[in-house]
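Engineer: This is the structure I have questions about; it appears just below.
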């Protein structure tokens, strides 16, 4: 009798990949992180005018897209409003409330109402943090429940939003050198968060999760960090038009790398821990 | 107070899956949904190989992660320790399914029949309220409550006892009140070495596994 290398499927003791959340759930983390990060970076850029309002609207639309993705995963979408019922303990309910509060704050900021931008900034950060804590509260999945996943998702969301901000730089023209430096610093922080996360989960996750994370991690380090850092550095020495193009490409690859890591984390690294027995039953005569 | 709990004596289980079948019969769960299932665990290398059958399902935790994450309050814990789901509130987000370290939750999005087309018994017991929402073992809470209402003792009187416990052919499974020191489960736990699954997660499972007699020298 032979046993499959991944154990006994859904009825065995070995870890297996969860199937409850798929790319639709990942879409929530990707859209929400990008949207929240874009709102944060747009507010910090302190731009004004039509481009400013458009970027904020795009951020809000991305948040909405993420929530739309997760609504496709609901078994009973017509009851979706029940999601607001338990903000006392559920990070999913808190995420929903943060998204609802984010709408008027962003609209008021886009309309130029004084003081609104601080609320939009804070709520966008709260929303991204809620998403990160949401994943970490999933105790059934070792790769998700590690506390180190929180800074990883938060900084990845900020990077993805910043990346989109730089993609749109030729249009809004607010990509200052100081923002580029902040972007570079965030890239370094994200990769440090990734390395810390990867080190902390090394002893707790299934081999299948390790393989998936290592593949995504290599891509994050090379294409998601080293390449955009080099592009941002090169932009410092280039003519303004070329510099805008270089930072735009840097932003795009950094954002796509973050999205890929999230997709991998949700859909391919989501192994449970199986059922390890601390003791086996003692039967018969003891020796 | 009362704390309903279950005990599985791993020395007794033969892996016959009668508990699984009885649970499916009692709760009319569709194919693929096993609120009570039995793991077949083989551990070690030849010639020192051990095999164990482990009944698993919802552990009715003291601090259930599925309840904390539920955004709708559909998942609740009763004062007697039984974790329940309100199928009318659940939105089917499956957050509880990924939060449960025991893989005890199921969500079926479309009708599944044993033989493709719907059979007569499936039509009669069809319950659309359980479709596209999270479902799990309830410790047969309806039987427990109905039994208590008529003065029966869950874990002692079969009419008030979960179906899997009643059906177990080897008396592997026992059900009772953990807060009553004279109950069957309290005595079993006191008289035997036991563990709970994934105890390091701090969930406080209400499901105990016996693996050796307490008055014998440790074998492992």
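Engineer: Assuming residue B:90 fulfils every condition listed in (1) more than 8 Å from chain A (Cβ to nearest Cβ); (2) in contact (Cβ under 8 Å) with a residue 40 or more places away in the chain apart from one, which condition is it?
Structural biologist: (1)
Engineer: Residues in the stretch B:126-175 that are closer than 19 Å to residue B:54 by Cα and part of a strand (DSSP E or B): how many?
Structural biologist: Number satisfying all stated conditions: 3.
Condition check ((1) surrounded by fewer than 18 Cβ atoms within 10 Å (Cβ to Cβ); (2) closer than 17 Å to residue A:265 by Cβ; (3) modelled with pLDDT under 95) across all residues:
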position: A:134; (1), (2), (3): no, yes, no
position: A:139; (1), (2), (3): no, yes, no
position: A:143; (1), (2), (3): no, yes, no
position: A:148; (1), (2), (3): yes, yes, no
position: A:155; (1), (2), (3): no, yes, no
position: A:161; (1), (2), (3): no, no, no
position: A:170; (1), (2), (3): yes, no, yes
position: A:176; (1), (2), (3): yes, no, yes
position: A:180; (1), (2), (3): no, no, yes
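Engineer: Given A:24, A:94, A:88, which one is within 11 Å of chain B (Cβ to nearest Cβ), surrounded by fewer than 21 Cβ atoms within 10 Å (Cβ to Cβ) and not in a loop (DSSP other than H, G, I, E, B)?
Structural biologist: Being within 11 Å of chain B (Cβ to nearest Cβ), surrounded by fewer than 21 Cβ atoms within 10 Å (Cβ to Cβ) and not in a loop (DSSP other than H, G, I, E, B) holds for just one of A:24, A:94, A:88, which is A:24.
Engineer: Need the failing condition index for residue A:144 against (1) part of a helix (DSSP H, G or I); (2) closer than 19 Å to residue A:40 by Cβ; (3) touching a residue at least 60 places away in the same chain (Cβ under 8 Å), just the number.
Structural biologist: (2)
Engineer: What number of residues in the stretch A:230-252 are buried (at least 18 other Cβ atoms within 10 Å of the Cβ) and closer than 30 Å to residue A:144 by Cβ?
Structural biologist: Counting residues in the stretch A:230-252 that are buried (at least 18 other Cβ atoms within 10 Å of the Cβ) and closer than 30 Å to residue A:144 by Cβ gives 2.
Engineer: Can you report the number of residues in the stretch B:157-183 which are in contact with a strand residue (DSSP E or B) (Cβ under 6 Å, 6 or more places away or on another chain) and without any contact (Cβ under 8 Å) to a residue 60 or more places away in the chain?
Structural biologist: 2
Engineer: Right, something else. Looking at residue B:84, is it at the interface with another protein chain (Cβ under 10 Å from one of its Cβ atoms) and either surrounded by fewer than 18 Cβ atoms within 10 Å (Cβ to Cβ) or more than 25 Å from residue A:19 (Cα to Cα) (or both)?
Structural biologist: Against the criterion (at the interface with another protein chain (Cβ under 10 Å from one of its Cβ atoms) and either surrounded by fewer than 18 Cβ atoms within 10 Å (Cβ to Cβ) or more than 25 Å from residue A:19 (Cα to Cα) (or both)), residue B:84 does not qualify.
Okay, residues lined up against (1) touching a residue at least 40 places away in the same chain (Cβ under 8 Å); (2) more than 30 Å from residue B:101 (Cβ to Cβ); (3) within 12 Å of another protein chain (Cβ to nearest Cβ):
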| position | (1), (2), (3) |
| --- | --- |
| A:239 | no, yes, no |
| A:244 | yes, yes, no |
| A:255 | yes, yes, no |
| A:270 | yes, no, yes |
| A:276 | yes, no, yes |
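Engineer: Restricting the stretch B:54-77 to residues that are without any contact (Cβ under 8 Å) to a residue 60 or more places away in the chain and out of contact with any helix residue (DSSP H, G or I) (no Cβ under 7 Å at 6 or more places or on another chain), which is farthest from the other protein chains (Cβ to nearest Cβ)?
Structural biologist: B:67
Engineer: Confirm whether residue B:17 is on the phi > 0 side of the Ramachandran plot, more than 9 Å from every other protein chain (Cβ to nearest Cβ) and surrounded by 17 or more Cβ atoms within 10 Å (Cβ to Cβ).
Structural biologist: Details: on the phi > 0 side of the Ramachandran plot: yes; more than 9 Å from every other protein chain (Cβ to nearest Cβ): yes; surrounded by 17 or more Cβ atoms within 10 Å (Cβ to Cβ): yes.
Yes: the conditions hold for residue B:17.
Engineer: If you go through the stretch A:59-75, how many residues are crowded, with 19+ Cβ neighbours inside 10 Å and either more than 24 Å from residue A:144 (Cβ to Cβ) or touching a strand residue (DSSP E or B) at 6+ places or on another chain (Cβ under 8 Å) (or both)?
Structural biologist: Number satisfying all stated conditions: 2.
Engineer: Under 8 Å by Cβ, and 6 or more places apart or on different chains, what pairs join a residue from the stretch A:126-140 that is away from chain B (no Cβ under 14 Å) with one that is assigned to a loop (DSSP other than H, G, I, E, B) and crowded, with 24+ Cβ neighbours inside 10 Å?
Structural biologist: Pairs that qualify, where the first residue is away from chain B (no Cβ under 14 Å) and the partner is assigned to a loop (DSSP other than H, G, I, E, B) and crowded, with 24+ Cβ neighbours inside 10 Å: there are none.
Engineer: Which is outside any loop (DSSP other than H, G, I, E, B), within 23 Å of residue A:177 (Cα to Cα) and at pLDDT 95 or above, of A:199, A:190?
Structural biologist: Of the residues listed, the single one that is outside any loop (DSSP other than H, G, I, E, B), within 23 Å of residue A:177 (Cα to Cα) and at pLDDT 95 or above is A:190.
Engineer: Being touching a strand residue (DSSP E or B) at 6+ places or on another chain (Cβ under 7 Å) and at pLDDT below 95 narrows it down to one residue among B:76, B:51, B:36; which is it?
Structural biologist: The match here is B:51.
The values are calculated or read from the model by the stated rules, or taken from the named source; none is laboratory data. All figures in this text were calculated on a predicted structure; none of them were measured in a lab. Every residue, glycine among them, receives a Cβ derived from its backbone with ideal geometry; neighbour counts consider all protein chains shown.
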